[in-house]
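Heads up: the structure comes next, in structure tokens.
The values are calculated or read from the model by the stated rules, or taken from the named source; none is laboratory data. Everything numeric here is computed off the predicted structure, so don't read it as measured data. All Cβ positions, glycine included, derive from the backbone under ideal geometry; neighbour counts span all protein chains shown. Protein only, heavy atoms only, side chains kept; ligands, DNA and RNA dropped before computing areas. Shrake-Rupley method; radii C 1.70, N 1.55, O 1.52, S 1.80 Å.
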Amino acid sequence: QGKFTLLRDTRTDGSFLVHHFLSFYLRAGCKVCFVALLQSFSHYNIVAQKLGVSLSAAKERGQLVFLEGLKSCLDLLFGEEEEQSGQPSPLQFISESDSNLKALFDFVRTSLTPTGSDSWKGLVLLVDDLSVLLSLGATPVAVLDFVHYCRVVVCSQLKGNVVVLVHSNVDSEDEENELVVNSLCHHSDLILWVEGLATGFCKDVHGQMKIIRRVSLELAAEQDHVQIYQYKIQDKNVTFFARGLSAAVL
Amino acid sequence: QASPTTSTKFGHYYDVSKTMSPELFQSIKCHSFYLPEELSSQPKMKSCNVNSAYTRLLQSIQRIIYQEGFDGSDPQKKQKNILRIGIQSLGSLLWGDDICSSDTPEDIHSLTKFLYVLRGLLRKSLSACIITVPAHLIQNKAIMERVTNLSDTVVGLESFIGSERETNPLYKDYHGLVHVHQIPRLNSLICDVSDTKDLAFRLKRKLFTIE
């Protein structure tokens, strides 16, 4: 409870982790606010069905609040004036000169604040992916502020969890993105770092995942626990194995 | 489903020395966007600090999608076709963007915002879009990383002209290399990665071959 997990991918696509956490938390009975910035609802829905969860059903019973960023952006830019008299768009910052993510934060807060009749096992904020906000004009400071406010409300006040995906490359020249990623790493309780293999593409091992438990955040003298696994993604699940022990190798 | 062969060829036959026959394209509805003509009209789209050429292009695409029924909004229009969009030299001076000509562009976010909105338009309609970007002109590599993340498929063509590879006997039959930087992972956990990673291309009057 109250944990901040950072999903980080380098030279590969870590979105399989997002699909995993989404279906994991829904199956566990948590209320999930999913800020999906880069893909459509149907994309996540189709994959979730393979993993045994129906996103449409979850949405209908109020368990899943889904912000489809692409659609929201189109509504903001091409929508009629009358439609926008109500709630401000969560992605309002795109059409404004200051990159203030307050509207997005308000959306998250409203979605996860309990209404009294709820009986969810927990609350979760899931973001895929944070790096897109920089491409849309938000400054790194605005993005970090947004994450900070979300942590205060979701983790500290509501005792929920936050899971965020970011992209990063070791030799990246995107300084703004690296700034955000490094800052988030320092404040994360758990980091799942997915990387393509250094040796190049392999059919049976799609990459390696480093699991970093930030024990050092809680106990001053402790080292972080690091575990490394390799993985292979299949149609309906992902298999993990110790390094060098892929079935193809043995 | 194709059985693996030692060399897989992707190629379509065309002839750049001839013009297309009128019957071929008269039967299809074509729309074009010519920026100097569009500049005279006012954009109706809400401004989002994107440069005006991109704004007008987005508006034009949105209008075509809506009017021709590619977004399924009009059930009367039985749309059995896909809208295919081609955009050339995005990011270049032709579109009023200075990211190709300046180290410190005036508006670094115009191109990425454009791509994001375009992505939204494509996702909610029956359309596909292919864009060319003169990546060799863009000084700021961060922009290219963001452009890649906002795209589904990213393919790079690297010409041998002017590089030492031009005289390398290994490459004598080819004109350049094909780099597949990214392939889409849509509606599925897995993506279809091909076995061959080293691809080169050959451009002739009648054939573009990738081997």
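Annotation note: Cβ proximity below 7 Å between a residue of the stretch A:118-140 that is modelled with pLDDT of 90 or more and a residue that is acidic (Asp, Glu) (sequence gap 6+ or interchain) occurs for A:134/A:176; A:140/A:176. Listed conditions (1) surrounded by 10 or more Cβ atoms within 10 Å (Cβ to Cβ); (2) modelled with pLDDT of 75 or more; (3) not assigned by the TED database to the domain that holds residue B:132 are all met by residue B:22, apart from (1). Within the stretch A:89-104, take every residue that is polar (S, T, N, Q), assigned to a loop (DSSP other than H, G, I, E, B) and facing another protein chain (nearest Cβ under 10 Å) and give me the one that is surrounded by the fewest Cβ atoms within 10 Å (Cβ to Cβ). Only one residue fits best here, namely A:97. All conditions but one from (1) within 13 Å of the chain's Cα centre (by Cα); (2) assigned by the TED database to the domain that holds residue B:198 apply to residue B:135; the one that does not is (2). Within the stretch A:156-167, can you find the residues that are open to solvent by 10 Å² or more (accessible area, probe 1.4 Å) and under 25 Å from residue A:16 (Cα atoms)? The answer is A:161, A:167. Note on the stretch A:112-127: residues that are open to solvent by 10 Å² or more (accessible area, probe 1.4 Å) and outside any loop (DSSP other than H, G, I, E, B) total 1. When residue A:77 is tested against (1) under 30 Å from residue B:56 (Cα atoms); (2) surrounded by fewer than 19 Cβ atoms within 10 Å (Cβ to Cβ), just one condition goes unmet, and that condition is (2).
Would you check if there is a residue in the stretch B:148-166 being within 14 Å of another protein chain (Cβ to nearest Cβ), open to solvent by less than 60 Å² (accessible area, probe 1.4 Å) and touching a Gly at 6+ places or on another chain (Cβ under 9 Å)? Within the stretch B:148-166, none of the residues are within 14 Å of another protein chain (Cβ to nearest Cβ), open to solvent by less than 60 Å² (accessible area, probe 1.4 Å) and touching a Gly at 6+ places or on another chain (Cβ under 9 Å).
Just so you know, in the stretch B:171-190 the residues that are part of a strand (DSSP E or B) and open to solvent by less than 70 Å² (accessible area, probe 1.4 Å) include one that is nearest to the other protein chains (Cβ to nearest Cβ), and it is B:182. Do we find a residue being more than 9 Å from every other protein chain (Cβ to nearest Cβ), aliphatic (A, V, I, L, M) and in contact with a strand residue (DSSP E or B) (Cβ under 9 Å, 6 or more places away or on another chain) anywhere in the stretch A:68-80? Within the stretch A:68-80, none of the residues are more than 9 Å from every other protein chain (Cβ to nearest Cβ), aliphatic (A, V, I, L, M) and in contact with a strand residue (DSSP E or B) (Cβ under 9 Å, 6 or more places away or on another chain).
Which of the following residues is in the same structural domain as residue B:35 (by the TED database), assigned to a helix (DSSP H, G or I), of a type outside the set (Val, Ile, Thr) and modelled with pLDDT under 90: B:122, B:57?
Result: B:57 is the single residue among B:122, B:57 that is in the same structural domain as residue B:35 (by the TED database), assigned to a helix (DSSP H, G or I), of a type outside the set (Val, Ile, Thr) and modelled with pLDDT under 90.
The residue that is farthest from residue B:108 (Cα to Cα), among those in the stretch A:173-183 that are crowded, with 16+ Cβ neighbours inside 10 Å and at the interface with chain B (Cβ under 10 Å from one of its Cβ atoms), is A:178.
Here B:35, B:39 are screened, and the one residue that is in the same structural domain as residue B:107 (by the TED database), of a type outside the set (Gly, Ala, Ser) and at pLDDT 75 or above is B:35. Scanning the stretch B:110-147 for residues being facing chain A (nearest Cβ under 7 Å), open to solvent by 30 Å² or more (accessible area, probe 1.4 Å) and either of a type in the set (Lys, Arg) or within 13 Å of residue B:65 (Cα to Cα) (or both) gives a total of 3.
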